[in-house]
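Heads up: the structure comes next, in structure tokens.
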Amino acid sequence: MRLRYIPFALLAAGALSGCSDPLSVQNKTQPDVALILSTADGIEGLFRSSFQQIHSATNGSSSSLTPALLTMAGESYATVANFGMAQRSAIPRTEIDNGPGGQTETENRRDFQLLQRYGRNAANGIRALDNFIANGGSLGTPMADARARAWGWFVLGVAVGNVSLTYDQASVPSPSLEPTDIPELVSYADANAAALQFLDSALVMANAPAAATMSIPNDWFRTPGGSAMNRADFIRLVHSYKARLRAGVARTPAERQAVNWSEVAADAALGIGSDVILDLNSQAGLTNPWLSQALVNSTWSSVTPMYLGMADTSGAYRLWIAPPLSDLSAAPRQVGGNPGAFFLFHTPDDRFPKGATRADQIAAWNSRVEVDGMPTTYFRVRAPGDDTQGQAWGQSPYDIVRFYSYRANASNGPWVLMDNTEMAMLRAEADMRMNPGSPAIAVQLINDSRVANNLPPFPVGSTRETRAPQHPGGGSFSCVPQTPTGGNRVVECGTLWEAMKWEKRLETLYTGYGQWYIDSRGWGDLVEGTATMYPVPYQEMNARTLPYYNSEWASGPSTYGF
């Protein structure tokens with residue numbers, strides 16, 4: 001990263017300070033950064049494209065960390081080597097090789113490199129805008145100036161915050177830095193704290209009188225319908241990112257418990273009130289190729305029953321989960337003992353296809369209902385001829401198709417950047433951590449999501465440990481979720497706490513950035529031995545003349561005995 005990052009900083013420094021060397025020759029093939037950031041159009045243009053760059057860093061390429069984060073969390077399962085998916089899927093887990101020539105060298109580096117670069121760009125943009133205004137300039141109106149400042153701080157906070165979620169260290173760019181300054185690496189916790197401060201600065205700017213009529217143009221933040229984002233919605237989005245980053249930075253259950261949950265609850269309550277949807281468009285350069293790649297075939301992405309099998313009420317999951325995952329040939333792994341056979345999920349949860357047979361569930365998907373271009377059923381059963389073999393614990397006949405329309409429409413369509421249920425479940429988690437014996441807020445929020453998906457509500461007065469109710473008319477094991485938490489992977493009806501995790505998993509599926517991975521490491525749900533963060537890429541360490549290192553951190557025993 002630094003091999004590209006330093007020349008950019010030096011270029012900006014040289015351009016801003018002028019050139020006194022008579023032998024210097026202007027490079028006509030490179031943009032004059034100082035010149036660009038000395039005009040109103042140039043400064044506003046930087047902010048116009050800044051969030052799209054952040055999205056590109058995390059979701060705009062399959063060579064990002066996203067495919068690996070999905071497989072490490074059990075959100076997806078893959079057997080192909082591309083993008084480190086098979087390597088990160090494999091059990092037992094292995095450390096992340098951070099050395100030159102490693103299999104995932106490109107993926108290890110990409111998110112760090114781009115997020116740090118684009119964060120520095122945003123910081124440089126804020127600095128340039130402040131200098132421009134101090135010298136009598138303006139982007140046109142006081143509102144335009146305030147909007148650009150607010151947006152710049154927001155993008156800077158998201159960029160640094162995302163690095164703090166996935167890497168063990170980060171540098172923290174700031175508008176106070178001179179263009180030639182090279183910020184030192186700091187811990188993920190310190191980087192996260194800085195990101196929260198940047199987001200607070202965005203709120204200060206957005207709440208200033210000059211920003212009273214501010215709106216964010218659709219080409220800055222592309223949403224369906226083409227409407228601008230008003231100030232109130234922008235403020236809600238910033239609060240939501242604060243809640244996401246503050247809760248998500250934890251690497252262990254102990255760190256997650258130590259999070260300031262009253263702050264998380266406050267920001268989540270002030271956050272979004274509906275899903276934040278991006279209008280992905282290949283012509284506009286706003287893409288998410290993983291959504292298409294995941295449906296190439298089941299070697300690229302399949303549903304492991306490890307987590308999503310908790311929806312099953314037929315008893316098959318209870319048989320499947322009983323053997324240790326390391327016992328790859330265990331007969332109960334697939335119902336009937338046939339290692340080529342899969343079991344179907346039978347569940348009242350409406351996010352899964354209904355039907356007694358594979359053909360029935362295929363037909364259910366074919367007659368699906370879509371709302372705003374997205375299926376209300378998140379999974380489909382693929383045709384039998386499309387199955388592929390892999391490790392027994394990773395295989396099922398299901399594909400994740402929540403964003404099927406994106407692939408079906410030539411990489412165009414809606415994608416959920418942030419689901420409203422994410423904020424609701426952060427509030428629920430906070431309530432259960434602070435009030436485990438009487439989490440009334442959590443009960444209501446969890447029930448809201450459950451009832452909307454045909455699951456019975458928890459009774460009023462439930463505690464964190466209250467068990468999920470049986471489905472009306474169902475038997476003694478018709479509850480959802482069913483969790484292997486009874487010791488030796490014995491399945492039991494999940495608690496209110498587990499129901500919170502279930503709703504959040506289902507509604508953040510394939511959204512955001514590493515959603516399952518980040519939550520699962522803090523909850524203690526990752527497969528034992530999973531790397532809990534990435535090391536700073538070796539290229540960055542080399543540029544700083546520091547020794548590089550591999551991942552030194554691994555998750556402990558899983559909640560579920562994995």
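The values are calculated or read from the model by the stated rules, or taken from the named source; none is laboratory data. Not measured: the values here are computed from a predicted model. Because the Cβ atoms are built from the backbone with ideal geometry, glycine has one as well, and the counts that use them run over all protein chains shown. The area values use the complete protein model at the heavy-atom level, side chains included, leaving out ligands, DNA and RNA. Shrake-Rupley method; radii C 1.70, N 1.55, O 1.52, S 1.80 Å.
Structure notes:
- Those residues of the range 299-319 which are part of a helix (DSSP H, G or I) and open to solvent by 40 Å² or more (accessible area, probe 1.4 Å), in sequence order: Arg318, Leu319
- Candidates Arg93, Arg110, filtered to the one that is open to solvent by 10 Å² or more (accessible area, probe 1.4 Å), under 20 Å from Ile518 (Cβ atoms), at pLDDT below 95 and of a type in the set (Lys, Arg): Arg93
- Filter result (crowded, with 18+ Cβ neighbours inside 10 Å and either part of a helix (DSSP H, G or I) or at pLDDT 95 or above (or both)) within the range 77-90: Phe83, Gly84, Met85, Ala86, Gln87, Arg88, Ser89
- Picking from residues in the range 113-134 that are open to solvent by 10 Å² or more (accessible area, probe 1.4 Å) and free of Cβ contacts under 8 Å to residues at least 60 places away in the same chain, the one that is nearest to Trp153 (Cα to Cα) is Arg127.
- Extreme residue, most open to solvent (accessible area, probe 1.4 Å), among residues of the range 459-509 that are at positive phi and modelled with pLDDT under 95: Asn488
- Ala341 vs. criteria part of a loop (DSSP other than H, G, I, E, B), at pLDDT below 90 and within 31 Å of the chain's Cα centre (by Cα): no
- Residues satisfying the stated conditions in the range 106-155, i.e. of a type in the set (Phe, Trp, Tyr) and either farther than 23 Å from Ile235 by Cα or in contact with a Lys or Arg (Cβ under 8 Å, 6 or more places away or on another chain) (or both): Phe112, Phe132
- Among the conditions (1) at pLDDT below 95; (2) surrounded by fewer than 16 Cβ atoms within 10 Å (Cβ to Cβ); (3) in contact with a helix residue (DSSP H, G or I) (Cβ under 7 Å, 6 or more places away or on another chain); (4) under 30 Å from Tyr534 (Cβ atoms), the only one that Val296 does not satisfy is (3).
- Thr141 in contact with a helix residue (DSSP H, G or I) (Cβ under 9 Å, 6 or more places away or on another chain), over 26 Å from Leu270 (Cβ atoms), open to solvent by 40 Å² or more (accessible area, probe 1.4 Å) and without any contact (Cβ under 8 Å) to a residue 24 or more places away in the chain: yes
- Within the range 380-456, helices (runs of 4 or more DSSP H) holding 3 or more residues that are without any contact (Cβ under 8 Å) to a residue 12 or more places away in the chain and open to solvent by 60 Å² or more (accessible area, probe 1.4 Å): 440-452
- In the range 96-107, the residue that is nearest to the chain's Cα centre (by Cα) out of those that are closer than 21 Å to Asn59 by Cα and surrounded by fewer than 19 Cβ atoms within 10 Å (Cβ to Cβ) is Thr106.
Residue-by-condition table, conditions (1) in contact with a His (Cβ under 7 Å, 6 or more places away or on another chain); (2) part of a helix (DSSP H, G or I); (3) closer than 21 Å to Ala202 by Cβ:
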position: Pro92; (1), (2), (3): no, no, no
position: Asp97; (1), (2), (3): no, no, no
position: Pro100; (1), (2), (3): no, no, no
position: Arg120; (1), (2), (3): no, yes, yes
position: Phe132; (1), (2), (3): no, yes, yes
position: Asn162; (1), (2), (3): no, yes, yes
position: Ala170; (1), (2), (3): no, no, yes
position: Pro173; (1), (2), (3): no, no, yes
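- Candidates in the range 357-379 are the residues that are open to solvent by less than 50 Å² (accessible area, probe 1.4 Å) and part of a loop (DSSP other than H, G, I, E, B); of these, the one that is nearest to Glu75 (Cα to Cα) is Tyr378.
- Every residue from the range 520-562 that is part of a helix (DSSP H, G or I), closer than 21 Å to Trp393 by Cβ and open to solvent by 10 Å² or more (accessible area, probe 1.4 Å): Trp523
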